[in-house]
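Participant: If you scroll down you'll find the structure; I have some questions about it.
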Amino acid sequence: MTADHTPSSSPDQPPPPLSGFQDEIYLQGLLEDRVPPYPTDPARLEEAARRVLAAGPFGYVAGSAGTGATARANREAFDRWAIVPRMLRDVQHRTLDREVLGTQMTAPVLLAPIGVLSIVHPDAEPAAARAAAGLGLTSVLSTASSTPLEEVAEAAGDGDRWFQLYWARSPEVTASLLARARAAGYRTLVVTLDTAMLGWRPQDLDQAYLPFLRSIGIANYLSDPVFRAGLAKPPEEDPFGAVAHWAGMFSNPGATWEDLAFLREHWDGPIVLKGILHPDDGRRALDAGMAGVVVSNHGGRQVDGAIAALDALPLVAEAVGQDLTVLFDSGVRTGSDVVKALALGARAVLLGRPYAYGLALGGEEGVRHVLRCVLAELDVTLALSGHAHVDDLTPRDLVRR
Ligand SMILES: Cc1cc2nc3c(=O)[nH]c(=O)nc-3n(C[C@H](O)[C@H](O)[C@H](O)COP(=O)(O)O)c2cc1C
Ligand SMILES: O=C(O)C(=O)c1ccccc1
């Protein structure tokens, strides 16, 4: 996306006072004395979502593993880095555009794969995909989607499609999911490695709430002929039997680095490993012929006490950043956070919970609002820090508090 603030040819006409994104999001509202339809502040956004959601779904999205130490650490890590703005560097012509693994993006921001989105809004994954595609951004569809992947592919339109894989215990089911994803036009595969099982999540345990037990989040399996062939009875007759079968096979705790060869054989596009936190695992990804990694602790939902994702980022970027595309998620809430993650070596970031809150509040419109706020603040923060393009950011633009 380009925000061109070239002064107009007429000297009497001042250039627009705010950036292109801000003009539309806020300025009109300010002029008309009207507040935005959804909060622009991430904490208030979460609070607004809490008010419209039932306790179970809200807890599922907002919750994290154990005491929440890692989820908090993700945010604290952002607070420990400070941007050092530079002056007088001509930031009139700016662009956020970036190419990521062959996908042209209007900004280095993707929607993270979030399963079971129908627990927050009936329009679920297709609405999120439409919101992203409408802004020239990419959304990563979860295997645990509440909508079959073919339907979401249609909603996403012409843009490049990315699919996240939960690597099933059954190679036949995994191969079937991959074949369907390829046939539906997904080109980039994101393989999530940090969820060999769900983390220990007291929030959900104490509310006895798990979407899967209500058959939510298993649409890609229920629509899969190979998965269905393994069921004793059709899911329509025995829904719980289908859920139990899914629970026993959705992931493979026995997987090792050697098994990645199987995925290579079944996927011809770029493969990205999600959940990498150790530089040595980054190097192993490189050795295994992967195209990239997502430095992520799953938003603090898996290992309580794990390293903050942002603390892991510079180490992984240093180890493999020259050779692999390093992406980042976990704790990104604002455009300023995006600047920090890019400066520390991320090629792009994935946004998680905030867009689920936007979806809860306003469906597609709510997701668009959240994305536009992040992009607007990214543009402004970049400009005010003295950078005309995201490529200009380096670790030297930050100091540690
Ligand atoms: C409700 C919920 C469901 C998620 N489902 C998936 C999933 O199906 N696959 C996956 O790889 N990650 C999943 N994630 C993790 C996100 O992709 C991402 O790593 C995380 O949300 C980033 O942290 P943040 O929420 O602090 O931005 C999920 C996260 C949430 C909050
Ligand atoms: O809840 C999650 O974090 C998650 O990754 C997940 C795992 C399986 C199904 C749905 C979501």
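Participant: With Rg and the Kirkwood Rh both taken from Cα atoms, where does Rg over Rh land for region 74-213? Write out the running numbers ahead of the final one.
Facilitator: Details: Rg = 18.3 Å, Rh = 17.5 Å.
Ratio of gyration radius to Kirkwood radius for region 74-213: 1.05.
Participant: Further question on the same structure: Please compute P(r) over all alpha-carbon pairs of region 353-401, binned at 5 Å starting from zero, and give each bin as a whole-number percent.
Facilitator: 5, 20, 19, 15, 13, 15, 11, 4
Participant: Counting only heavy atoms of the protein chains, get the accessible area per residue of the chain (1.4 Å probe) and round it to a whole Å² value.
Facilitator: Working: 16850 Å² over 401 residues.
Roughly 42 Å² per residue, with all protein chains present.
Participant: Another question, if that's okay. Can you give the angle from 0 to 90° between the axis of helix 171-183 and the longest principal axis of the chain, with both taken from C-alpha atoms, to the nearest 10?
Facilitator: Once rounded, one gets 40 degrees.
Participant: Starting at the first residue of region 378-383, write each ³J(HN,Hα) from the Karplus equation 6.51 cos²θ - 1.76 cosθ + 1.60 with θ = phi - 60°, in whole Hz, x for Gly and Pro.
Facilitator: Rounded to whole hertz, the list is 4, 4, 5, 5, 4, 4.
Participant: Using θ = phi - 60° and the Karplus form 6.51 cos²θ - 1.76 cosθ + 1.60, what ³J(HN,Hα) does each residue of region 222-233 get, whole Hz, x for Gly and Pro?
Facilitator: Working through the residues one at a time gives 4, 8, 9, x, 5, 4, 5, 5, x, 8, 5, 10 Hz.
Participant: Which one, ARG214, ARG50, ARG130, has the greatest fluctuation when you compute a Gaussian network model over the chain with C-alpha springs under 10 angstrom?
Facilitator: Comparing ARG214, ARG50, ARG130 in the GNM, the peak value goes to ARG214.
Participant: Further question on the same structure: Take the eigenvalues of the Cα gyration tensor for region 274-375, scale each by 5, and report the square roots as semi-axes in whole Å, largest first.
Facilitator: Computed over region 274-375, the values are 26, 14, 12 Å.
Participant: Further question on the same structure: Test of understanding: in a Gaussian network model of the chain with alpha carbons linked when under 10 Å, which of ASP238, ASP41, ASP123 would top the mean-square fluctuation ranking?
Facilitator: ASP238
Participant: Picking from LEU189, GLY59, LEU31, whose Cα lies most toward the positive end of the charge dipole for region 20-400 (charges on Cβ: Lys, Arg +1; Asp, Glu -1)?
Facilitator: GLY59
Participant: In addition: If you restrict to DSSP beta bridges whose two residues both lie in the chain, what percentage is antiparallel, to the nearest 5?
Facilitator: 25 percent
Participant: Next question. Could you identify which residue out of GLU236, GLU151, GLU99 has the top mean-square fluctuation in a GNM of the chain using Cα springs shorter than 10 Å?
Facilitator: Greatest mean-square fluctuation among the candidates belongs to GLU236.
Participant: Can you compute 3J(HN,Hα) from phi for each residue in region 239-256, using the Karplus curve 6.51 cos²θ - 1.76 cosθ + 1.60 with θ = phi - 60°, rounded to whole Hz and x for Gly and Pro?
Facilitator: Whole-Hz 3J(HN,Hα) from phi for region 239-256: x, 5, x, 5, 5, 5, 5, 4, 4, x, 9, 5, 9, 10, x, x, 5, 10.
Participant: Right, something else. Mind running the shape call on the chain? Use the C-alpha gyration tensor, a ≥ b ≥ c as the square roots of the eigenvalues: rounded below 1.5 for a/c, prolate if a/b tops b/c, oblate otherwise.
Facilitator: The shape class here is prolate.
Participant: With only Lys, Arg, Asp and Glu charged, each at its Cβ (+1 for the first two, -1 for the last two), find how big the charge dipole of the chain is about the Cα centre; round to the nearest 20 debye.
Facilitator: Roughly 700 debye, rounded to the nearest 20.
The values are calculated or read from the model by the stated rules, or taken from the named source; none is laboratory data. Computed from a predicted model, the values in this text were never measured in an experiment. All Cβ positions, even for glycine, are placed from backbone atoms using ideal geometry, and neighbour counts span all protein chains on display. Heavy atoms of the whole protein, side chains included, go into the accessibility calculation; ligands, DNA and RNA do not. Shrake-Rupley method; radii C 1.70, N 1.55, O 1.52, S 1.80 Å.
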